[in-house]
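Each remark here refers to the structure printed beneath this line.
Just so you know, all these numbers are worked out from the coordinates, no wet-lab data involved. What you are looking at is a predicted structure, and each value in this text was computed from that prediction instead of being measured. Quick reminder, even Gly has a Cβ in these numbers, built from the backbone with ideal geometry, and neighbours come from all protein chains shown.
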Amino acid sequence: MTEDRLAELMVKVVDHVATPAEREELMAHVTQHTELARELEQHQALKAVSDGWVARLEHDLLMDAHQSRSSVRIERTLGLTLLLVGLCSLGGFGLAELLFEPDAPLWVKIGVTASVAGVLTLLGSLIRQRLTTSDPYSEVIR
């Protein structure tokens, strides 16, 4: 078997486009030359990695298309706004209870304190992360 024919068959088998006869021809040759079996395995492993990259890129393209739709942005903005309004209302009510009601129940005091501390902790964590990290691939077009 010539080197050109061997290379052609290797590519076809790895890409899963070889006919059964071509696959059988390559396997017969590989069984006679054991070093080629390892080479074939390496090519198949490389193909699996590159197929994974392609699948990842296709998924990223789908996600980018989904996230760039204006309806998705509006939906997320509305959801976040409603969540923040709800938290502020609950927190504001609890805070008002604490300030204006000296006999506020213990559960209100603990709940408001924990909620305010949690929101401030998350906000601080988010700000710190945004300020200290950067995306080295931000200019890469996916």
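Odds and ends about this structure:
- Cα gyration tensor shape of the chain, rounded if a/c is under 1.5, else prolate or oblate by comparing a/b with b/c: prolate
- Over the chain, dividing the summed -39,500 (n - 2.57) contributions of all DSSP H runs of at least 4 residues by the number of residues returns a 222 nm mean residue ellipticity of -29000 deg cm²/dmol.
- Angle between the chain longest axis and helix 34-67 axis [Cα atoms, degrees, rounded to 10]: 30 degrees
- Spin-label model distance (nm) - V54 vs H29, 7 Å beyond Cα toward Cβ: 2.3 nm
- For the chain, the longest principal axis of the Cα atoms and the long axis of helix 20-32 meet at an angle of about 80 degrees.
- Separation of the stretch 1-21 and the stretch 66-87, taken as the distance between their Cα centroids, equals 52 angstrom.
- Rounded to two decimals, the Cα-based Rg/Rh of the stretch 3-62, with Kirkwood Rh, is 1.10.
- Tensor-based shape of the stretch 69-132 (alpha-carbon gyration tensor, a/c under 1.5 rounded, otherwise prolate or oblate): oblate
- Efficiency of FRET between M63 and T121 - r from beta-carbon atoms, R0 25 angstrom, step 0.05: 0.30
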